[in-house]
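Peer 1: Sharing a structure here in structure tokens format.
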Amino acid sequence: MQIIASGATLGARIEGVDLATPLSEERLHEIEQALGRHGVISFPRQELTAKQLRDFAERFGSLEINVANQYHEPGLPEVMILSNLKENGKPIGLADAGQDWHTDMSYSRTIAFSNVLYGIRIPMRDGRSLGNTEFCNMHAAYDELPEALKRELEGMTITHDFNKFWEKMRQEKGSTRPPLTEEQRRRKPPVSHPVFLVHPITGRRVLYANPGYSMRINELPADRSDEVLAFLFEHQLQDRFRYRHNWTVGDVLMWDNMGTIHNAVADYRPDEPRLIKRCQVMADKYFPEAFAQ
Ligand code: OGA
Ligand code: MN
């Protein structure tokens, strides 16, 4: 197995490993370390069944099963389907997942460790891939915060709300998704997490805020919270923290949901097919104490 760093702020490619066969503990450990260090890792030229994808992802922690999500592999609810394809006029997957800056599941009491995506159909135009995935480096974003702000925010917490992203998609992105029902909102109540997390693999602090779900810094007055969040969102999206994964069919892409934030670039048309299978790995294996509540 070779780990080839991209040389940019994030990203590495891992060659010489077949994810269809079970990994040794040693390989698993090397991949975890690479994920912490590089934030986004890709394994090109994989050939996986949905079950093999599930079995690989599950080595890193328990998988989220979203029972409300109708778009999953038949018989494998942990394998979600992202796609703009339709069969008999019906969507086969979630067509607009992640199309703005966010980190997965910061709105959940148990946060996410990693998302594992397998690219099956990738839209192409003029020899280039579309529907790529962009990332920003939250280790670097923390490191480069003004020292006074690091001190001010240390020990503080942020409220994250699933509804923030949902409503933004409806109101600003023309999504046809209906508003969340009272029942759905009750099942996904806002939660709080520290502004800075100590990353379980690197042991370093990361900025755990994202424009998609972060609502309020709980310990600050509302106007100061608004001002600081606006600053953090602008700060964390700066070009020097950015990295883009350009997809190729057969890629397995894994990202670190604590050390990065991401955005699915919506630059392809409905008639340009995209099909990705996805497993959301929760942080229970790495953060058992903090998230066992
Ligand atoms: C996600 C997501 C990005 C993509 O599945 O959570 O953000 O490029 N996907 O599909
Ligand atoms: Mn996402």
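The values are calculated or read from the model by the stated rules, or taken from the named source; none is laboratory data. Not measured: the values here are computed from a predicted model. Positions of Cβ are backbone-derived with ideal geometry, glycine not excepted, and every protein chain shown enters the neighbour counts. Just so you know, the surface numbers come from the protein's heavy atoms only, side chains and all, with ligands and any DNA or RNA stripped out. Shrake-Rupley method; radii C 1.70, N 1.55, O 1.52, S 1.80 Å.
Peer 1: Give all pairs with beta carbons closer than 7 Å in which a residue from the stretch 95-114 that is basic (Lys, Arg) meets a residue that is within 9 Å of ligand 1 (Cβ to nearest atom); count only pairs at least 6 apart in sequence or on separate chains.
Peer 2: none
Peer 1: Only strands (runs of 3 or more DSSP E) wholly contained in the stretch 196-243 count here; list those with 1 or more residues that are surrounded by fewer than 19 Cβ atoms within 10 Å (Cβ to Cβ).
Peer 2: 196-198, 214-217
Peer 1: Moving to a separate point now. Only one of these is within 22 Å of residue 260 (Cβ to Cβ), assigned to a strand (DSSP E or B) and open to solvent by 30 Å² or more (accessible area, probe 1.4 Å): 41, 14, 3. Name it. It would help to see each step written out before you state the result.
Peer 2: Details: 41 fails: open to solvent by 30 Å² or more (accessible area, probe 1.4 Å); 14 fails: open to solvent by 30 Å² or more (accessible area, probe 1.4 Å).
Just one listed residue meets the conditions, 3.
Peer 1: Taking only the stretch 131-178 into account, find how many residues are assigned to a loop (DSSP other than H, G, I, E, B), modelled with pLDDT of 95 or more and open to solvent by 20 Å² or more (accessible area, probe 1.4 Å).
Peer 2: Matching residues across the stretch 131-178 total 5.
Peer 1: Looking only at the stretch 17-38, how many residues end up being surrounded by 14 or more Cβ atoms within 10 Å (Cβ to Cβ) and part of a helix (DSSP H, G or I)?
Peer 2: 10
Peer 1: Further, regarding this structure: I'd like the full set of residues that are among the polar types (S, T, N, Q) and within 13 Å of ligand 1 (Cβ to nearest atom), limited to the stretch 225-280.
Peer 2: Result: 246, 257, 260, 263, 280.
Peer 1: Let me ask something additional. Could you tell me which residue of the stretch 117-130 is surrounded by the most Cβ atoms within 10 Å (Cβ to Cβ), considering only residues that are within 13 Å of ligand 1 (Cβ to nearest atom) and of a type outside the set (Ser, Thr, Tyr)?
Peer 2: Among them, the one singled out is 117.
Peer 1: Still on this structure, please answer the following. Does any residue in the stretch 184-207 that is among the polar types (S, T, N, Q) come within less than 7 Å, Cβ to Cβ, of a residue that is open to solvent by less than 10 Å² (accessible area, probe 1.4 Å) six or more places away or on a different chain, and which pairs are these?
Peer 2: 192/158; 202/36
Peer 1: Follow-up. Does residue 281 satisfy the condition of being modelled with pLDDT of 95 or more, of a type in the set (Val, Ile, Thr) and surrounded by 21 or more Cβ atoms within 10 Å (Cβ to Cβ)?
Peer 2: Against the criterion (modelled with pLDDT of 95 or more, of a type in the set (Val, Ile, Thr) and surrounded by 21 or more Cβ atoms within 10 Å (Cβ to Cβ)), residue 281 qualifies.
Peer 1: Sticking with this one: Please verify whether residue 53 is aliphatic (A, V, I, L, M) and more than 18 Å from the chain's Cα centre (by Cα), treating the condition exactly as stated.
Peer 2: For residue 53, the condition - aliphatic (A, V, I, L, M) and more than 18 Å from the chain's Cα centre (by Cα) - is not met.
Peer 1: Continuing with the same structure: Could you tell me whether residue 48 is hydrophobic (A, V, I, L, M, F, W, C), touching a strand residue (DSSP E or B) at 6+ places or on another chain (Cβ under 9 Å), over 23 Å from residue 106 (Cβ atoms) and open to solvent by 20 Å² or more (accessible area, probe 1.4 Å)?
Peer 2: yes
Here is a yes/no grid of residues against (1) away from ligand 2 (no atom under 16 Å from the Cβ); (2) in contact with a helix residue (DSSP H, G or I) (Cβ under 7 Å, 6 or more places away or on another chain):
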{"residue": "231", "(1), (2)": "yes, no"}
{"residue": "239", "(1), (2)": "yes, no"}
{"residue": "253", "(1), (2)": "no, no"}
{"residue": "256", "(1), (2)": "no, yes"}
{"residue": "261", "(1), (2)": "no, yes"}
{"residue": "264", "(1), (2)": "no, no"}
{"residue": "273", "(1), (2)": "yes, no"}
{"residue": "277", "(1), (2)": "no, yes"}
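Peer 1: Then there's this: What about residue 291, is it at pLDDT below 95 and either in contact with a helix residue (DSSP H, G or I) (Cβ under 7 Å, 6 or more places away or on another chain) or over 21 Å from residue 6 (Cβ atoms) (or both)?
Peer 2: Yes: the conditions hold for residue 291.
Peer 1: Scanning for something touching a residue at least 24 places away in the same chain (Cβ under 8 Å), farther than 19 Å from residue 191 by Cβ and in a loop (DSSP other than H, G, I, E, B), does the stretch 283-290 turn up at least one residue?
Peer 2: Filtering the stretch 283-290 down to residues touching a residue at least 24 places away in the same chain (Cβ under 8 Å) leaves 283-287.
Filter again for farther than 19 Å from residue 191 by Cβ, leaving 285.
Retained after the next criterion (residues that are in a loop (DSSP other than H, G, I, E, B)): none.
Checked the stretch 283-290: no residue is touching a residue at least 24 places away in the same chain (Cβ under 8 Å), farther than 19 Å from residue 191 by Cβ and in a loop (DSSP other than H, G, I, E, B).
Peer 1: For the stretch 94-116, what are the residues that are crowded, with 21+ Cβ neighbours inside 10 Å, farther than 18 Å from residue 252 by Cα and more than 10 Å from ligand 1 (Cβ to nearest atom)?
Peer 2: 106, 107, 111
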